[in-house]
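First the structure, in the form of C-alpha cells, and then the observations on it.
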Amino acid sequence: LNRDESFAHTLKVVRDLRETFSKNNPEGRLTWGFTLNALEDKRPNYSDIRKYAAECQRLYGDEVSYFPGYFPAMYLPRERINREMSEAIQIISDIVGGGYRPKAIMGGFLSANNLAYLAEKENIHVAHGVIWSQHEIDGGGADGSPSYPYYPSKEHFCKPAQVKNDFIDCVNLDGWSVDFLNARVSEIGRAHV
C-alpha cells in the first residue's frame, strides 16, 4: 500500500489555502505544522512549501512549527521524541532564518517528559499536547484531561499541576475541542439564521 501523499502536497494547494484564509480573515495568522519527513524531504514540492511557509512567516507573522504526529508518546521513546523535536526546531529556524524559533509545538499527545523538555531545553512554553475529545476513543491516554489550557503536572500530561514543584512551564492545549460556551453560542446563532 503506497501511503505517500506528496501528490496532494503542492505549492498551489498551500498557496490557495493561505490566500483563502487571508481573504476571509485579513489580519489572521496561520500555524504551519511540518512533520520531520516534510522538513527533510528533498523533492521540489516540499522545498517550495517550506520556502512559502517561511515567506508567510515574514509577511503575515504566521507560526512555522513542528508536528511530531498525533500519537508520538504512544509509540516512541520519550528521548527520541525530544531529540526529534530539537532537530525539527533547528531545521525550522534554518529555513525561516533571522533567528526565528517556533513559539509552540503541535503534538496530539505529548508526555509530561516531552512538555518539560520543551520548556526547559527548548524554551518553548506552549504545546498542543492533548486531545481531550479522544476520551475512550483510541486508548491515547487523554482520559481525564481538562479541555481547557492548563499547566501540566510532572506526574502526567493530563493532570494539571497542583503545587509549584510539580509545575511544567508549558501550557498544554487541547487540539480538537472547542470552548463549550462559544460552541453553544455558535449553534444558537445558526438556529436563528
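Tabulated data for the structure shown
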item	result
Residues within the stretch 11-39 that are under 24 Å from Phe71 (Cα atoms) and surrounded by 13 or more Cβ atoms within 10 Å (Cβ to Cβ), tallied	9
Residue ranges of helices (runs of 4 or more DSSP H) in the stretch 48-128 with at least 3 members over 15 Å from Asn37 (Cα atoms) and either open to solvent by less than 10 Å² (accessible area, probe 1.4 Å) or charged (D, E, K, R) (or both)	78-96, 112-121
Residue in the stretch 66-81 that is in contact with an Asp or Glu (Cβ under 7 Å, 6 or more places away or on another chain) and closer than 20 Å to Leu30 by Cβ present	yes
Filter result for Arg15 (of a type in the set (Lys, Arg) and under 28 Å from Asn114 (Cα atoms))	no
Matching residues in the stretch 27-41 - criterion: being closer than 13 Å to Leu17 by Cα and assigned to a strand (DSSP E or B)	Thr31, Trp32
Qualifying residue in the stretch 167-186 (condition: part of a loop (DSSP other than H, G, I, E, B), surrounded by fewer than 13 Cβ atoms within 10 Å (Cβ to Cβ) and modelled with pLDDT of 95 or more)	no
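The values are calculated or read from the model by the stated rules, or taken from the named source; none is laboratory data. All of these numbers come straight from a predicted model, not from anything done at the bench. Methodologically, a virtual Cβ is constructed for each residue, glycine included, from the backbone with ideal geometry; neighbour enumeration extends over all protein chains shown. Accessible surface areas use protein heavy atoms only, side chains included; no ligands, DNA or RNA. Shrake-Rupley method; radii C 1.70, N 1.55, O 1.52, S 1.80 Å.
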